[in-house]
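The values are calculated or read from the model by the stated rules, or taken from the named source; none is laboratory data. Not measured: the values here are computed from a predicted model. All Cβ positions, even for glycine, are placed from backbone atoms using ideal geometry, and neighbour counts span all protein chains on display.
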Amino acid sequence: MSSPTTPASIEAYLRAAPKAELHVHLEGSIRPATLLQLAQRNGVDLPARDLGGLREWFRYRDFDHFVEIYIEITRCLRNSEDYELIAYEFGAEMASQNIRYAEVTFSPSTHHALGVAQDVWFGGLSRGRERARAEFDVEIAWVFDIVRNVPGPEDNRERADYTVGVAIEGMRDGVVALGLGGVEVGYPPEPFAPYFERALAAGLHSVPHAGETVGPPSVWGCAQGAEGREDRPRSALHRGPRAGSVPCRAPHTAGGLPYQQHPARRIPEPVRAPAAPLDRGRCPGHSQLR
Ligand SMILES: [Zn+2]
């Protein structure tokens, strides 16, 4: 048993401490058993039919495979109840790990492109978020991210436009930031700067992914001006409190990189600040986080 003179193990401390989760994707966080249940009830034929098979399928190979899994998971979500369930269960997981506040990334345009209406997905997410708050005393905030690797300039623009539109509209229902995700190769961040300008003007924060597969040029693309102009050295992509790139943990940890070696540990503290200021109203555990 620990006492003031006997330090607890770091694992025990991390389990017990109230935490804020700042980089997590809802679609990638669905419980495996729930995913199987959703696939079955919505008639989606997944590459795996049981938990063992899912575990094997989830094993990280490369970023493209990672994205492929992500899209298959999205196909399993059809009804408002599906979205409510995954948001509610995410809240339950937060409570089980004593995570009191989370900024949760969700990719609206992928669901939109699969024919799911906004009131279906957002209505479900909002009900799940409310139930989780009421039952577990946890706070979920949303980061809606633009998917960068949509082929075809017209579709790409339409889906980016849809995302920033629903993000701004959703600010009253917990959206705090606009993100940018997906395959980086061939899809640099600079063309998306105008969408971030719109989001920032509306009061959202900016949390693009950058550097996961392309490395420094992608980070630099976010850090430079939208047109690379010297008189405008920081684009809208780079102006949130969490400036520039926040590495996604999943590919690294799934790829076997120990947490102790994760590059996130080298990011300066101010850059790791949450997109939304944590205050007592938003985050019940805030006073204990300090
Ligand atoms: Zn990520």
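Before moving on, here are some points about what is shown:
- Residue within segment 101-113 that is in contact with a Gly (Cβ under 9 Å, 6 or more places away or on another chain) and farther than 21 Å from Val67 by Cβ present: yes
- Subset of segment 63-90 that is of a type in the set (Phe, Trp, Tyr), over 19 Å from Ala141 (Cα atoms) and under 15 Å from the mean Cα position of the chain (by Cα) - its residue that is surrounded by the most Cβ atoms within 10 Å (Cβ to Cβ): Phe66
- Residue match in segment 45-55 (condition: under 26 Å from Ile99 (Cα atoms) and modelled with pLDDT of 95 or more): no
- Count of segment 195-224 residues which are among the aromatic types (Phe, Trp, Tyr) and touching a residue at least 24 places away in the same chain (Cβ under 8 Å): 2
- Here the helices (runs of 4 or more DSSP H) wholly within segment 1-103 that include at least 2 residues being under 20 Å from Leu125 (Cβ atoms) are 32-41, 63-75, 80-96.
- Any hit, segment 220-232, residues being at pLDDT 90 or above, touching a helix residue (DSSP H, G or I) at 6+ places or on another chain (Cβ under 9 Å) and surrounded by fewer than 16 Cβ atoms within 10 Å (Cβ to Cβ): no
- Contact map, segment 88-115: first residue over 19 Å from Leu35 (Cα atoms), second residue in a helix (DSSP H, G or I) and of a type outside the set (A, V, I, L, M, F, W, C), Cβ cut-off under 6 Å, separation 6 or more or different chains; pairs are Ser109/Arg159; Ser109/Tyr162; Ser109/Thr163; His112/Tyr162.
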